[in-house]
Amino acid sequence: MSAASQEIILKNVRSCYSSKREASFFSIPEFTLEKGAQLALLGKSGSGKSTLLHLIAGLIPVKAGRARVCGEELMGMKEHARDLVRREHIGLVFQTYQLLDEFTVIENVLMGSFFSGVKKEAEGEAKTLLSKVGLENYASRFPSELSVGQRQRVAIVRALIKRPALILADEPTGALDRETGYQVSALLKDLAKEQGSSMIFVTHDEELASTFPSQAQVTDLIRWEKGDPV
């Protein structure tokens, strides 16, 4: 496969995840994701699923190796430059929604376009996407007036409003009941396919993961090491 056909290329990557207590060093020998692909990433809590997503999103710096994401080389990039890559090319969906309670549904969605430099015409796109997820009549409501499943749908629309090349979904169904989780997962897959976005969907649910075209275990991708590997 040529580099042009790949959304993500990680090769001999080394970095570290820092918490308040300690720094954990890790390496990724090789990982690629084709453009338009949808991958379910499996693993137990603490196995490195979120760490891998954070590295791809530029939230963790690459200390060595090659890390090409959405056509951008992350190695050596300053934090501000990585922020720009994330804003322009990547849509993030979290388990905890991260909606702002003092803003309406449509305002929360449009923040995704505002910080990405998308023009004001995005309001029409926002309404279209809200209609596709069954929330066309909820644009003027506040997050506190929505169910948990509805809030996650708003978070999905906020991530997709800028039509990202890559969607990183970090256990977006983790706080939902099984039926709602499957509905949200299906919506995300359909919208990503419609927009032509690549996607990594983190989950610990093997049955849910089996509904994706491809699956991977994070333990096959990431290696935790002692001491600074660089």
Point to revise | Around P213: net Lys/Arg minus Asp/Glu count, Cβ-Cβ under 12 Å | key: +1
Exercise for review: Work from the charge dipole of the range 1-112 (Cβ charges, +1 for Lys and Arg, -1 for Asp and Glu, about the Cα centre) and give the residue of A37, F26, V105 farthest towards its positive end.
Suggested key: F26
Practice item. Take the alpha-carbon centre of the range 37-99, take the same for the range 116-174, and report the distance between them in whole Å. Key: 20 Å
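In whole percent, what relative contact order does the chain give with Cα contacts below 8 Å and a gap of six or more residues? Write out the running numbers ahead of the final one.
Values: 439 pairs, mean separation 72.5, N = 230.
32 percent.
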Exercise for review: Take the Cα coordinates of the chain, assign each an equal point scatterer, and use the Debye formula without solvent to give log10 I(q)/I(0) at q = 0.16 Å⁻¹.
Suggested key: -1.14
**Study point:** Simple label model, 7 Å out from Cα along Cβ direction - S131 to R66, nm
**Key:** 4.5 nm
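Can you give the calculated 222 nm mean residue ellipticity of the chain, where each DSSP H run of n ≥ 4 adds -39,500 (n - 2.57) and the sum is split over every residue, rounded to the nearest 500 deg cm²/dmol?
Numbers: 7 runs with 75 residues, N = 230.
Computed ellipticity for the chain at 222 nm equals -10000 deg cm²/dmol.
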Review point. Against the longest principal axis of the chain, how steep is helix 79-89, in degrees 0 to 90 to the nearest 10, with axes from Cα atoms?
Key: 50 degrees
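To the nearest 20 Debye, how big is the dipole of the range 47-109 about its Cα centre, given +1 on the beta carbon of each Lys and Arg and -1 on that of each Asp and Glu?
Working: 8 positive and 8 negative charges, 103 e Å.
That gives the range 47-109 a dipole magnitude of about 500 debye.
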**Study point:** Listed residue (M75, F201, L187) projecting farthest to the positive dipole end of the chain, Cβ model
**Key:** M75
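Tell me which trypsin sites (Lys or Arg not before Pro) from the range 1-89 have a DSSP coil assignment and no more than 10 other beta carbons within 10 Å of their own.
Details: sites: K11, R14, K20, R21, K35, K44, K49, K63, R66, R68, K78, R82, R86, R87; in loops: K20, R21, K35, K44, K63, K78.
Passing both the DSSP loop test and the Cβ count: K20, R21, K78.
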**Study point:** Amide proton proximity set for Q6, modelled H, under 5 Å, gap of 5+
**Key:** K35
**Study point:** Distribution of pairwise C-alpha distances over the range 126-230, 10 Å bins, in %
**Key:** 13, 42, 29, 11, 5, 0
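Once the other residues with Cβ under 13 Å from the Cβ of D101 are scored (Lys, Arg +1; Asp, Glu -1), what is the net sum? Don't skip to the end; give the middle numbers.
Working: positive: R141, R151; negative: E102, E107, E145.
Net local charge, D101 excluded: -1.
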Study note, to complete from the structure: At R0 = 25 Å the Cβ-Cβ FRET efficiency linking E102 and S147, nearest 0.05, sits at 0.85
Study note, to complete from the structure: Dipole check, the range 1-152, charges on Cβ (K,R +1; D,E -1), about Cα centroid: among G46, A4, L146 the Cα furthest to the positive pole belongs to G46
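Work through the residues other than F142 whose Cβ is under 12 Å from its Cβ and net out their charges, Lys, Arg +1 and Asp, Glu -1.
Values: positive: R141, R151; negative: D101, E102, E107, E145.
Within the 12 Å Cβ shell, the charges total -2.
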Practice item. Determine, for I156, I9, the number of other Cβ atoms within 10 Å of each Cβ, and report the residues in order from fewest to most. Key: I9, I156
Point to revise | Dipole magnitude (debye, nearest 20) for the chain, charges at Cβ of Lys, Arg, Asp, Glu | key: 540 debye
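All of the numbers you see were taken from the coordinates with simple rules; none came from a lab. Bear in mind that the values here come from a model prediction, so they are computed numbers and not experimental data. Ideal geometry is used to build each Cβ from the backbone, glycine not excepted, and the neighbour counts take in all protein chains shown.
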